[in-house]
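In what follows, a structure is listed as structure tokens, so that the remarks can point back to it.
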Amino acid sequence: MAFKKKFTPKRKFCRFCADPNLPLDYKRPDILKDFVTERGKIIARRITGTCAKHQRRLTTEIKRSRQMALMLYTTVHSTEVKKKSI
């Protein structure tokens, strides 16, 4: 009887642990946008592979960046999305 090989997904790793030179700062929204959906939700660490320590810091930095208006809270706040006219 032949056994099928089970699919083994690629191991997730923390990008910030792997590269200590990668800055985790609210002033770098280009890096932080990788961890936020297009609707503005912060992506969970089980999906991104970020370790718990860096996920907590990442959440804080995203919130700071939003407060300083470097990142948007939702797509409704975007200038590209037009309001529905009556």
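The values are calculated or read from the model by the stated rules, or taken from the named source; none is laboratory data. Since we're looking at a predicted model, the values are computed, not measured. Ligands, DNA and RNA are stripped out before the accessible areas are found, and what is left, the full protein with its side chains, is counted by its heavy atoms. Shrake-Rupley method; radii C 1.70, N 1.55, O 1.52, S 1.80 Å.
Here the relative contact order of the chain, from alpha carbon pairs under 8 Å that lie six or more residues apart, stands at 30 percent. From the Cα gyration tensor of the stretch 1-71, with a ≥ b ≥ c the square roots of its eigenvalues, which class applies: rounded if a/c is under 1.5, or else prolate if a/b is larger than b/c, or else oblate? Judged from the Cα gyration tensor, the stretch 1-71 comes out prolate (a/c at least 1.5, a/b above b/c). Across the stretch 9-18, computed HN-Hα scalar couplings (Karplus, 6.51 cos²θ - 1.76 cosθ + 1.60, θ = phi - 60°) run x, 5, 5, 7, 9, 7, 5, 7, 6, 5 Hz from first to last residue, x flagging Gly and Pro. Per residue, the solvent-accessible area of the stretch 1-53 (1.4 Å probe, heavy atoms of protein chains only, all protein chains present) comes to 89 Å². For residue 36, the amide hydrogen comes within under 5 Å of the amide hydrogens of 43, counting only partners 5 or more places away or on other chains and with H modelled in the peptide plane.
Longer than 23 Å from Cα to Cα, which of 6/33; 33/53; 27/63; 6/53; 12/33 are they? Say none if no pair is.
Too far apart for the 23 Å limit: 6/33; 6/53.
Principal axis extents of the C-alpha atoms in the stretch 30-80 (largest first, rounded to whole Å): 33, 20, 14.
The length gained by stretching the chain between residue 74 and residue 34 to full extension, at 0.36 nm per residue less their Cα-Cα distance, is 12.9 nm.
Within the accessible area of the stretch 1-81, the carbon and sulfur atoms contribute 55%, probe 1.4 Å, all protein chains present. Residue-wise HN-Hα couplings along the stretch 25-31, as the Karplus relation 6.51 cos²θ - 1.76 cosθ + 1.60 with θ = phi - 60° gives them from phi, are 9, 5, 7, 10, x, 5, 7 Hz; Gly and Pro carry x. The C-alpha atoms of the chain define a longest principal axis, and helix 52-67 lies at about 20 degrees to it.
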